[in-house]
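The values are calculated or read from the model by the stated rules, or taken from the named source; none is laboratory data. Not measured: the values here are computed from a predicted model. Cβ: placed from backbone, ideal geometry, glycine included. Neighbour counts: every protein chain shown.
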Amino acid sequence: MRIILLGPPGAGKGTQARVLAERLGLAHISTGDLLRQNVTSGTDLGKEAKGHMDEGALVPDELVNKMLGRRFDAPDIKNGFILDGYPRNLNQAKELDQILKEKSSGIDLVIYLNTSEAVIVQRLTGRRVCKSCGANFHIKNMPPKAEGICDNCSSALYQRNDDNVETIKTRLQVYDNVSAPLISYYTQAGKLKRLNADGGAGPVLEKMVRLIKLS
Ligand code: AMP
């Protein structure tokens with residue numbers, strides 16, 4: 001099964017994609033995680049991407065598309081995948097269709113996580129991420145067992161550079177301007193299913209699993 005999770009920053013795409021991928025035996029592909037890995041290891045791609053990411057702007061399509069194309073060459077995508085954070089605009093959606101067509105494949109389902117702005121800001125400002133395994137926590141909604149330490153691998157947690165109120169506002173504007181048209185793109189393709197993602201991570205996950213089983 002090949003699934004896209006769509007929704008604004010803070011909709012819970014990363015948290016849900018990680019758990020869902022493990023439960024369904026699918027690869028989890030997060031372009032945000034891949035870009036952050038490049039920034040941390042100081043690659044040329046990371047150096048070019050960093051400024052855009054810190055501002056809350058999108059990284060240029062050519063860079064992200066090339067990175068994604070390479071990720072699709074890995075063997076673990078054979079059983080299917082969950083895309084989180086890609087596509088972010090119509091150009092990327094068309095590029096994705098093209099990459100998959102060349103592999104005689106296509107997207108099966110797009111799940112849109114509908115989330116209110118108040119919930120988004122509360123989630124993003126309280127988010128903490130593991131430096132090593134990338135697991136997400138929240139200081140109130142999903143606190144780690146020991147403060148500042150990852151439950152899974154005991155590495156330190158950090159706050160993303162772009163999880164501050166000002167950058168969150170820019171990211172939401174970018175989302176409204178360039179990512180929201182994806183909703184009609186995938187609705188027209190008959191692939192989009194929506195669900196309300198304002199609730200806790202557990203109940204939202206179960207709603208997603210039911211949707212996937214029905215599709
Ligand atoms: P995320 O982890 O999905 O919230 O992404 C964090 C940041 O990485 C975004 O604000 C963008 O700067 C960049 N990014 C992630 N995915 C993409 C993408 N598909 N296209 C362009 N920029 C991206």
If a residue must be closer than 14 Å to V178 by Cβ and at pLDDT 95 or above, how many such residues does the stretch 42-57 contain? 1
In the set G10, G32, G25, the lone residue that is closer than 30 Å to G199 by Cβ and in contact with a Gly (Cβ under 6 Å, 6 or more places away or on another chain) is G32
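Out of G126, G148, which single residue is loosely packed, with under 15 Cβ neighbours inside 10 Å and modelled with pLDDT of 95 or more? Quick ask: steps written out before the conclusion?
Numbers: G126 fails: loosely packed, with under 15 Cβ neighbours inside 10 Å.
The conditions single out G148.
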So the check is Cβ under 8 Å with 6+ separation or different chains; which pairs have a first residue in the stretch 73-97 that's under 14 Å from L34 (Cβ atoms) and a second one that's near the ligand (Cβ under 7 Å from one of its atoms) and aromatic (F, W, Y)? Q92/Y86
Identify all residues within the stretch 20-33 that are assigned to a helix (DSSP H, G or I) and crowded, with 19+ Cβ neighbours inside 10 Å; write none if there are none. L20, A21, T31, G32
Is it the case, given these coordinates, that T115 is in contact with a Phe, Trp or Tyr (Cβ under 6 Å, 6 or more places away or on another chain), touching a residue at least 12 places away in the same chain (Cβ under 8 Å) and among the polar types (S, T, N, Q)? no
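If you take just the strands (runs of 3 or more DSSP E) that sit entirely in the stretch 66-152, which of them hold at least 1 residues that are under 27 Å from I168 (Cα atoms), in contact with a strand residue (DSSP E or B) (Cβ under 8 Å, 6 or more places away or on another chain) and among the β-branched types (V, I, T)? Give the steps one after another, and end with the answer.
Details: elements: 81-84, 109-114, 127-130, 136-138.
Fully inside the stretch 66-152 and qualifying: 81-84, 109-114, 127-130.
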Quick one: in the stretch 1-36, which of the residues that are in contact with a Phe, Trp or Tyr (Cβ under 7 Å, 6 or more places away or on another chain) and farther than 19 Å from K131 by Cα is nearest to the ligand (Cβ to nearest atom)? P9
Out of I99, I168, I120, sole residue that is under 24 Å from R71 (Cβ atoms) and in contact with a helix residue (DSSP H, G or I) (Cβ under 8 Å, 6 or more places away or on another chain): I99
So which pairs qualify, if the first residue must be in the stretch 34-49 and closer than 19 Å to R18 by Cα, the second must be hydrophobic (A, V, I, L, M, F, W, C) and surrounded by 11 or more Cβ atoms within 10 Å (Cβ to Cβ), the Cβ gap must be under 6 Å, and the two must be at least 6 apart or on different chains? L34/M67; L35/A49
Using the structure shown, decide if G10 is assigned to a loop (DSSP other than H, G, I, E, B) and either more than 15 Å from the chain's Cα centre (by Cα) or crowded, with 20+ Cβ neighbours inside 10 Å (or both). yes
Residue satisfying all of: in the stretch 40-76; of a type in the set (V, I, T) and near the ligand (Cβ under 9 Å from one of its atoms); farthest from P87 (Cα to Cα) among these: V59
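Looking at the stretch 162-180 only, could you name the residues that are within 14 Å of the ligand (Cβ to nearest atom), assigned to a helix (DSSP H, G or I) and surrounded by fewer than 15 Cβ atoms within 10 Å (Cβ to Cβ)?
Pass one, the stretch 162-180, residues within 14 Å of the ligand (Cβ to nearest atom): 162-164, 166-179.
Still in the running and assigned to a helix (DSSP H, G or I): 166-179.
Passing the criteria: E166, K169, T170, Q173, D176, N177.
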